[in-house]
Amino acid sequence: MFAQAGPLDPSALSIDPRTAAAFAAAIACGLLLLQYAHRRHPFILIWAGGWLLMAPAMLAVARRYPSPWMAHAAVGVAQLLGVGTAALFLWSADVYRQTRFVRRAQLRWLAGAAAWFLLAPIVLGDPAATLPGSLLAAILLAGAGAMYAAVLLERRMIGAGLIACVCFGLAISSVTAALTGLPAPWSAGRPYAMLVVNTVLYAAGALGVHLLIFEDMTYELRAANRRLEAARAELLEAAITDPLTGCHNRRFLDQVIARELQRRARFDLPLSLLFIDIDRFKLVNDTLGHDAGDQLLRDVACFLQRHIREADYLFRWGGDEFLALIACPGDEARRKAAVLKASFDAAPTAAGLPPGVGLSVGWIEVPHGTTDLMPLVREADARMYRDKADRIS
């Protein structure tokens, strides 16, 4: 029913490597466009544009032309597109790093370069396009490599390092071609070894940009996590901090009291309470205004924070009352209370206050085996009122 197929002619199946490379460049461009559809980062789109220019550049020199001037023009077109590819790779790195070295005004030279690459080969021959094209592409690729190397150093991204190596390798290849007078890239007279080297470099570049996109995504996720952690820490700090005085609030006392009681029981550490109240605080509000009263609360909080160790805790209990949880025995707490009252009376802050404004302090030591601190707080509060009565009388 079917005729038996004869042996295949290998020459009939041969594919020009430049055509295959053009097809591969188009596939790489398509994959990058899919990445762009997912990530929406401009540097991906620009990099895809570089790959898109590579396909017609290779196809331009992959076919035979009926006249010499058309062949020379094709070489010029290929060189122009190659320079455009290098320029897009540089622009992609500039956009990714947000350095803004590449500006629209700097792209105007492309019009003059396009005229040269399109006309000079027809008049002067292929070297008029291949020599400046190779050198210009090498400069642009070296710049792109330097920028991606900077990304490697700044963010420790392996993909950026791989792209930097590829760009430097392609730059060296272009300089070698310019200095040794080799034919244009992907042209028929190009040495096979150089063709293989460039193919490997471009393949590594495609791998590097996909790896960079993945690393960029993980980098953004880590940055977002750090921002969330910072926001969480700020919210937690706001939840346990009194907004007026900056001291801890009563909610934080509920969080630390069980831990401090356990620490006292485990390590046999002394622990005491100081209950502090501002004498005649209502007089300040009535005579100087509520703004002056708020400022007095802030001044007292700053004073107490300076005179209470960082390892201890200071809470705003409510209104003009403060509670300090300090690691010391009862005798030392009693002396600490006396020092606080005397120091505040002698502080410059007290000089502009109405007569009688000061601190009353009640103290109490936390006994061993205590599980509930609130009865001790009430006892310290009662002692504070007795101290206030003694001061007023």
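The values are calculated or read from the model by the stated rules, or taken from the named source; none is laboratory data. Everything numeric in this text was worked out from a predicted model, so none of it was measured. Heads up, the Cβs are rebuilt from the backbone with ideal geometry, glycines too, and the neighbour counts pull from every protein chain shown. Ligands, DNA and RNA are stripped out before the accessible areas are found, and what is left, the full protein with its side chains, is counted by its heavy atoms. Shrake-Rupley method; radii C 1.70, N 1.55, O 1.52, S 1.80 Å.
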- [ ] Give me D for the stretch 28-158 in µm² s⁻¹, whole number, from Stokes-Einstein with Rh from the Kirkwood sum over alpha-carbon pairs, 10 °C and 1.306 mPa s.
- [x] 101
Open item on the list: At R0 = 41 Å, how high is the FRET efficiency between residue 338 and residue 154 if r is their beta carbon distance? Nearest 0.05 is fine.
Closed with: 0.10
TODO: For the chain, give the percent of accessible area contributed by carbon and sulfur heavy atoms, probe 1.4 Å, rounded to a whole number.
DONE: 64
TODO: Have a look at the DSSP beta bridges in the chain and tell me what percent are antiparallel, nearest 5.
DONE: 95
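Given R₀ = 30 Å, what would the calculated FRET efficiency be for residue 217 paired with residue 23, taking r from the Cβ atoms and rounding to 0.05?
Details: r = 28 Å, r/R0 = 0.95.
Once the sixth-power term is evaluated, E becomes 0.60.
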Open item on the list: Between residue 200 and residue 109, what is the label-point separation in nm under the 7 Å Cα-to-beta-carbon projection?
Closed with: 3.3
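Nearest 0.05, what FRET efficiency do residue 227 and residue 294 give at R0 = 41 Å with Cβ-Cβ as r? Please list the in-between numbers first.
Values: r = 32 Å, r/R0 = 0.79.
Plugging the Cβ-Cβ distance into 1/(1 + (r/R0)^6) gives 0.80.
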- [ ] Compare 136, 170, 271 in a GNM of the chain, Cα atoms joined below 10 Å, and give the one with the largest fluctuation.
- [x] 271
Task: Per-selection metrics, the stretch 222-327 (Cα): Rg and Dmax in Å - done: 16.6, 54
- [ ] Report the residue, chosen from 90, 288, 228, that carries the largest GNM mean-square fluctuation when the chain is represented by alpha-carbon nodes joined by springs under 10 Å.
- [x] 288
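By how many nm would the segment from residue 139 to residue 38 grow when fully extended, if each residue of separation counts as 0.36 nm and the alpha-carbon distance is taken off? Don't skip to the end; give the middle numbers.
On the way: separation 101, 0.36 × 101 = 36.36 nm, distance 3.18 nm.
Roughly 33.2 nm would be gained on extension.
Semi-axes of the equivalent ellipsoid for the stretch 267-393, please: Cα gyration tensor eigenvalues, times 5, square-rooted, ordered largest first, whole Å.
Numbers: eigenvalues 137, 41, 34 Å².
Ellipsoid semi-axes (Å, largest first): 26, 14, 13.
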Task: Segment residue 285-residue 310, extension gain: residue separation times 0.36 nm, minus the distance between their alpha carbons - done: 6.0 nm
TODO: Can you tell me how much longer the chain between residue 65 and residue 244 gets when fully stretched, taken as 0.36 nm per residue apart minus their C-alpha distance, in nm with one decimal?
DONE: 56.1 nm
Task: Structure-based [θ]222 nm, the chain - -39500 (n - 2.57) summed over DSSP H runs of at least 4, per residue, nearest 500 - done: -24000 deg cm²/dmol
Open item on the list: Give me P(r) over the chain, computed from all C-alpha to C-alpha distances, binned every 20 Å, as integer percentages.
Closed with: 22, 27, 14, 20, 15, 2, 0
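Tell me the relative contact order for the chain as a rounded percent, counting alpha carbon contacts under 8 Å between residues six or more apart. Spell out each step's value before the answer.
Values: 510 pairs, mean separation 44.1, N = 393.
It comes to 11 percent, rounded to a whole number.
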Open item on the list: If I model the stretch 138-272 as equal point scatterers sitting on the Cα atoms and use the Debye formula, what is log10 I(q)/I(0) at q = 0.16, 0.22 Å⁻¹?
Closed with: -0.90, -1.21
Task: Long-range HN-HN contacts of residue 317 with modeled amide H, under 5 Å - done: 322, 323
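Below 8 Å between Cα atoms, with a sequence gap of 6+, how large is the relative contact order for the stretch 280-379 in percent?
Working: 70 pairs, mean separation 22.9, N = 100.
Computed value for the stretch 280-379: 23 percent relative contact order.
For the peptides 383-391, 261-269, what is the packing order when you average, over each peptide's residues, the other Cβ atoms within 10 Å and list the highest mean first?
On the way: 383-391: 15.7, 261-269: 12.3.
Order by mean packing, descending: 383-391, 261-269.
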Open item on the list: Using the Cα centre of the chain as the reference point, and only Cβ charges (+1 on K/R, -1 on D/E), how large is the resulting charge dipole? Debye, rounded to the nearest 20.
Closed with: 1100
Open item on the list: Need one number: nm distance between label points at residue 347 and residue 374, each 7 Å from Cα along Cα→Cβ, rounded to one decimal.
Closed with: 3.0
Task: Spin-label pair residue 263/residue 179, simplified geometry with 7 Å Cα→Cβ offset, distance in nm - done: 6.8
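For the stretch 115-160, what is Rg from Cα atoms divided by 2.2 N^0.38 Å, rounded to two decimals?
Working: Rg = 16.3 Å, N = 46, 2.2 N^0.38 = 9.4 Å.
Computed over Cα atoms of the stretch 115-160, the ratio equals 1.73.
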